[in-house]
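The values are calculated or read from the model by the stated rules, or taken from the named source; none is laboratory data. Keep in mind that what you see is a predicted model, and the values were worked out from it rather than measured. Every residue, glycine as well, gets a Cβ built from its backbone with ideal geometry; the counts of neighbours run over all protein chains shown.
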Amino acid sequence: MFHDEKDLPGDSRICVYGAGSRAARLLRRLAANRPDLEVACVVDSFSDGGMFEGLPLRNVAHLAEETFDYLVVSAYRYDEVVRTLSARGLSPRYYVHVDCDPPAASPELLTAPPRERRQVLDQFEALSRRRTGQVNVTLTNACNSRCVFCAYPGYTEPRAVMTREHFARLASSMAAHGELTMDFSPLIGESLLDPGLADKIRHARQAGIQRLLITSNGLLLGRDEALLQLLLSECETISVSTPGLSREAYRRIFRVDAFRQVLDGLRQVAAVKRRLGGGAHVNLCLRSPRPPQAALDDEGFRELLPFIKEGLLFFDPGDGCVEFDNWSGALVAGQLPEGLRLKPPAVTPGAPPCDFILRGACTALPDGSLRLCPCRFLETLRDDLVIADPDHPDPLAALHGPRHERIVLDWLDGRLPRACAGCSLYRPCAEQNT
Ligand code: SF4
Ligand code: SF4
């Protein structure tokens with residue numbers, strides 16, 4: 001293992017395994033400090049073809065075709081990389097890069113001056129007297145899609161599903177604190193992969209949760225009609241992300257051959273809604289670099305038009321998305337297919353804490369812990385935004401508590417959470433007079 005690139009053996013031709021932000025930082029340092037090392041290519045388990053940081057990107061399946069002296073593994077779960085190599089019968093000499101630097105820390109992020117600091121702390125104090133509005137729940141960090149604009153394809157943490165016990169504790173805690181909206185929009189993952197979803201929805205209702213919302217990639221909507229009926233009866237909104245309704249769109253953007261499966265599921269949604277005489281607002285949210293008007297010409301949208309006209313399904317063109325965020329730096333320019341643009345990091349020097357942090361917008365993680373920010377993370381869910389551990393008897397009590405306050409104070413001192421410094425979803429607190 002090495003931390004400093006200066007420790008690598010010299011005058012060599014190498015390959016770098018990993019196509020994430022960690023590898024990008026290493027490659028930049030190698031380019032700056034190790035002219036004696038020639039990087040032949042970047043190797044990855046998911047990508048094949050294209051360029052990464054100006055170097056050819058190869059799938060691990062083609063590693064045996066490369067000529068190199070040694071491999072540098074620069075990936076969060078290097079143990080899995082080593083297993084992958086071994087499963088493919090490859091045994092190159094390799095070094096593991098341990099990135100000890102704060103992943104996205106920026107030396108220019110300044111400590112807040114006293115007046116701004118006081119304002120932020122007053123705001124934090126005022127917000128602590130309000131309800132946060134909703135709690136997001138990441139029931140599982142497993143997903144059945146591989147969207148190009150998501151960190152999931154390079155995400156290596158073990159997959160888990162929230163236990164019934166942790167869910168019950170969360171629901172009781174929410175009800176006790178008057179937080180009565182639960183949103184199954186995960187930080188990462190697909191909620192319909194949780195085999196206990198129906199049970200959890202019923203439990204949430206019994207615990208007193210009044211509003212249930214869910215976001216899904218739609219791949220499993222048509223798998224279980226009883227579950228679909230429950231979702232339509234109990235949820236206020238079901239948001240279905242779609243890259244457009246054509247085979248090509250699913251293959252290119254979601255990288256799964258699921259077009260017909262999703263279309264059949266949406267037809268079933270419409271049929272069950274018609275039978276129920278109502279039910280959840282089912283909204284198709286476009287996640288595609290194409291303009292919404294172009295996506296509306298897709299074969300699937302044309303087929304669904306009668307249901308859209310009947311009000312059984314909705315398509316909100318305003319939900320279209322031509323620019324994608326950078327997943328806290330996990331996605332870097334050049335990694336995405338042509339036509340997809342990445343928003344740059346949005347935190348500027350001296351910027352106040354992100355709105356999500358000040359308000360206590362949060363998500364419950366599959367292991368039962370509670371974490372600030374329902375939007376993004378970098379490499380690990382269990383990071384420095386966690387404010388309540390899995391065994392906390394009343395996780396919502398941690399909101400605006402000492403651990404939460406510490407995160408705000410650290411930010412004001414220039415120490416940003418690992419997910420935040422390079423995040424393009426950062427936004428300052430909208431309300432100045434709370
Ligand atoms: S965006 Fe959602 S559906 Fe797509 S890979 Fe990521 S977690 Fe899965
Ligand atoms: S900066 Fe990004 S990761 Fe940090 S709280 Fe805001 S949205 Fe979340």
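Hey, does region 149-157 have a residue that's more than 26 Å from the chain's Cα centre (by Cα) and among the hydroxyl-bearing types (Ser, Thr, Tyr)?
No, that holds for no residue.
If you take the residues of region 297-339 that are under 17 Å from the mean Cα position of the chain (by Cα) and under 22 Å from Arg247 (Cβ atoms), which of them is modelled with the lowest pLDDT?
Cys321
Which is away from ligand 1 (no atom under 16 Å from the Cβ), crowded, with 19+ Cβ neighbours inside 10 Å and either closer than 22 Å to Val120 by Cα or touching a residue at least 60 places away in the same chain (Cβ under 8 Å) (or both), of Gly350, Gly334, Gly360, Gly414?
Only one candidate passes the filter, namely Gly360.
When region 337-347 is examined, which residues are found to be away from ligand 1 (no atom under 16 Å from the Cβ) and in a loop (DSSP other than H, G, I, E, B)?
Glu338, Gly339, Pro344, Pro345, Ala346, Val347
Filter region 372-387 for residues that are in contact with a Ser or Thr (Cβ under 9 Å, 6 or more places away or on another chain) and within 16 Å of ligand 1 (Cβ to nearest atom) and give the result.
Cys373, Pro374, Cys375, Arg376, Phe377, Leu378, Glu379, Leu381
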